[in-house]
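Step one of this worksheet: look at the structure below.
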Amino acid sequence: MSFRLAAAELTLPGDTLEEKFAFVRTVGFDGIELSARGDGIFGARIDELRRARDAGVLMPTAVVHMDHFIGDFDAGRRRDAIEQLKIQLSTIVAAGGTGIVSPHAFGLFSRRLPPFVPPRSVEDSRAALVEALREVGEHAESVGAKVYLEPLNRFEDFVINQLADAVSVVEEVGSAGVMITADTFHMSIEEARVGESIRQAGSLIGHVQLGDSNRLEPGAGHYDWPETLQALEAIGYNGWLAMECGLSGPVDQVLPRVAKLLSR
């Protein structure tokens, strides 16, 4: 099976998406994962994204880049994150893409660090997440997109850390507009058996993000890439593999190495 590779928009040279896409094609990649900023910024790019789409640029997904998310403790910030996510979902469809990657929250709280006890219980936070995902999932379905819920490691989130956590929530939400992102960096911390976890999550995995054990590009750490690729093949995964990591060197040198490593 041959996987399609997407590079992160913010790491690419070029002033336009067309120029960035031309570059990724020269280094063995197939598309661009966009940066979905809040405050309406991503939505305001809709004409730019449509032009790029019409020019043949492949932009399958975008990642929420905000300082608050749908699991925020503050009701106002949580509501804003939900509304922003709806805008981002509509916008990625206009770009010809499939969905938006979002965690429950990033850096909001960790039970592994002081003060250890969150101001809202895990149970209540999970219930709030399910409620939010049902709302944004309904919108996603209405526009033909997906929300890709991303588990983060225990130091970055306190609710959704493993693929099994995400599976449980997505099954409870029960929306065709909500699936899972499997991020290899976070899996390297949280999953005891990565391949088995991927197989158990199965068809609920709608997107994959790439980062080695040191949060650099694939091949820069000690992550077991064959295990992950074999597991993805076993579940019949036909989505994208998107870079979500730092780079150990110049992008024009790093990306060809990644493409070669992940080619099957």
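The values are calculated or read from the model by the stated rules, or taken from the named source; none is laboratory data. Source: prediction; values computed, not measured. Positions of Cβ are generated from backbone atoms using ideal geometry, with glycine treated the same way; all protein chains shown enter the neighbour counts. For the accessible areas, the whole protein counts, side chains as well, though only heavy atoms, and no ligand, DNA or RNA atoms are used. Shrake-Rupley method; radii C 1.70, N 1.55, O 1.52, S 1.80 Å.
Near Lys86, once Lys and Arg are set to +1 and Asp and Glu to -1 for all other residues with Cβ below 10 Å from its Cβ, the sum equals -3. Net charge of the neighbourhood of Ser142, taken over other residues with C-beta under 15 Å away and scored Lys/Arg +1, Asp/Glu -1, is -1. Annotation note: chymotrypsin sites (Phe, Trp or Tyr not before Pro) in segment 100-149 located in DSSP loop regions with a Cβ neighbour count of at most 13 within 10 Å are Phe116. Charge tally around Gln162: other residues with Cβ under 10 Å, Lys/Arg +1 each, Asp/Glu -1 each, net -2.
Across the protein chains, with a 1.4 Å probe defining accessible surface, the residues Lys260, Lys20, Lys146 rank Lys260, Lys146, Lys20 from largest area downward.
The fraction of Cα-Cα pairs per 5 angstrom bin, counted from 0 for segment 121-264, comes to 2, 10, 19, 21, 19, 14, 9, 5, 1, 0 percent, rounded to whole percents. Here the chain is assigned +1 on the Cβ of each Lys and Arg and -1 on the Cβ of each Asp and Glu. Its dipole about the Cα centre then comes out at about 260 debye. Across segment 64-120, Cα-Cα pairs more than 18 Å apart make up 41 percent of the total.
Of Val63, Val136, Val251, the residue with the greatest mean-square motion in the GNM of the chain, using alpha carbon springs below 10 Å, is Val251.
Stokes-Einstein, applied to the Kirkwood radius of the chain over Cα pairs at a viscosity of 0.890 mPa s and 25 °C, places its translational diffusion at 133 µm² s⁻¹. Bridgeable lysines around Lys20 (alpha carbons under 24 Å apart, same-chain partners fewer than 8 residues away excluded): Lys260.
Between segment 241-264 and segment 176-210, the alpha-carbon centres lie 20 Å apart. Amide H to amide H, with H built 1.01 Å from N, Arg4 comes under 5 Å of Leu241, counting only residues 5 or more places away or on other chains.
Taking the average, over residues, of other Cβ atoms within 10 Å as the packing measure, peptides 92-101, 186-195, 229-238 rank 92-101, 186-195, 229-238 from highest down.
Among Ser90, Ser197, Ser121, the residue with the largest mean-square fluctuation in a Gaussian network model of the chain, with springs joining Cα atoms closer than 10 Å, is Ser121.
Would you please calculate the Kirkwood hydrodynamic radius of segment 24-134 over all C-alpha pairs and express it in Å, rounded to one decimal? Hydrodynamic radius (Kirkwood, Cα only) of segment 24-134 equals 15.3 Å. Solvent-accessible area of segment 4-263 (1.4 angstrom probe, protein heavy atoms only): carbon and sulfur portion equals 50 percent. Taking a ≥ b ≥ c as the square roots of the Cα gyration tensor eigenvalues, with a/c under 1.5 meaning rounded and otherwise prolate when a/b beats b/c, else oblate, which class fits segment 178-220? In terms of gyration-tensor shape, oblate.
Applying the Karplus relation 6.51 cos²θ - 1.76 cosθ + 1.60 with θ = phi - 60° to segment 42-58 yields 3J(HN,Hα) values of 5, x, 5, 8, 4, 5, 4, 5, 5, 4, 5, 4, 5, 7, x, 6, 9 Hz, where x marks Gly and Pro.
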